[in-house]
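Visitor: What follows is a structure written as structure tokens; I'll ask about it next.
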Amino acid sequence: MVTVVPRDTWVYALRLPHDPRAARVARMTVRSVLDSHGRSEVRDAVQLLTSELVTNAYLYAGGPVSLRLTALADGRLRVAVWDGHPRVPAPFGEPPGDRVPPAPADAQGGRGLYLVQEYADRWGGWSLESGPLDRGAGKLLWFEVGS
């Protein structure tokens with residue numbers, strides 16, 4: 001008889017204020033968590049994509065951001081970012097999701113969501129604007145990396 005031991009599962013959550021340093025704090029937190037759990041093989045991609053989502057939330061949502069890192073039993077890592085703005089951008093829409101074209105080479109920005117679709121294995125998002133209390137509750141964007 002073979003015994004199957006599931007991979008280490010864990011969850012970390014972080015609430016970030018509306019502050020221009022939030023993306024840096026998120027990157028440092030992701031690096032520390034992934035290094036402490038021996039997940040360096042996905043560290044660079046997760047840091048980059050997390051930073052892009054937190055930066056977009058800072059620029060467009062105008063309020064605090066919540067970050068959640070979850071190690072799933074099958075080895076995948078899921079990162080979710082919540083912010084207070086209800087609009088779900090491409091490529092996070094309904095499956096198969098809109099594709100984001102590459103930014104022009106001379107553009108100052110516009111590469112973050114393109115990077116998510118290129119480096120994440122899966123991604124998605126939900127608008128939370130119509131809830132039981134009918135209050136604008138923002139959106140949740142997520143991506144997964146790993147086996």
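Visitor: How many of the residues in the range 1-16 are modelled with pLDDT under 80 and surrounded by 11 or more Cβ atoms within 10 Å (Cβ to Cβ)?
Guide: Total meeting the criteria: 1.
Visitor: Would you confirm, using the coordinates I've provided, whether Gly125 is in a loop (DSSP other than H, G, I, E, B) and at pLDDT 70 or above?
Guide: no
Visitor: Residue check: is Tyr114 closer than 22 Å to Leu34 by Cβ and either among the aromatic types (Phe, Trp, Tyr) or at pLDDT below 85 (or both)?
Guide: No; evaluated as a whole, the condition is false for this residue.
Visitor: In addition: Can you tell me which residues in the range 82-95 are at pLDDT 90 or above and out of contact with any Lys or Arg (no Cβ under 8 Å at 6 or more places or on another chain)?
Guide: Within the range 82-95, Gly84 is the sole residue that qualifies.
Visitor: If Gly63 satisfies all but one of (1) on the phi < 0 side of the Ramachandran plot; (2) in contact with a Ser or Thr (Cβ under 8 Å, 6 or more places away or on another chain); (3) outside any helix (DSSP H, G or I); (4) open to solvent by less than 40 Å² (accessible area, probe 1.4 Å), what's the number of the condition it fails?
Guide: Looking at each condition in turn, Gly63 falls short on (2).
Visitor: Have a look at Asp74, Asp44 and point out the one that is assigned to a loop (DSSP other than H, G, I, E, B), charged (D, E, K, R) and under 21 Å from Tyr119 (Cβ atoms).
Guide: Asp74
Visitor: Which is open to solvent by less than 20 Å² (accessible area, probe 1.4 Å) and of a type in the set (S, T, N, Q), of Thr50, Thr29?
Guide: Unique residue meeting the criteria: Thr50.
Visitor: Any residue in the range 19-33 that is closer than 16 Å to Leu53 by Cβ sitting within a Cβ distance under 6 Å of a residue that is of a type in the set (Lys, Arg)? List the pairs, counting only those 6 or more apart or interchain.
Guide: Filtered contacts from the range 19-33: no entries.
The values are calculated or read from the model by the stated rules, or taken from the named source; none is laboratory data. Computed from a prediction, not measured in an experiment: that's the story for all the values here. Here Cβ is always computed from backbone atoms with ideal geometry, including for glycine, and neighbour counts include all displayed protein chains. Areas reflect the complete protein model, heavy atoms only, side chains present, ligands, DNA and RNA absent. Shrake-Rupley method; radii C 1.70, N 1.55, O 1.52, S 1.80 Å.
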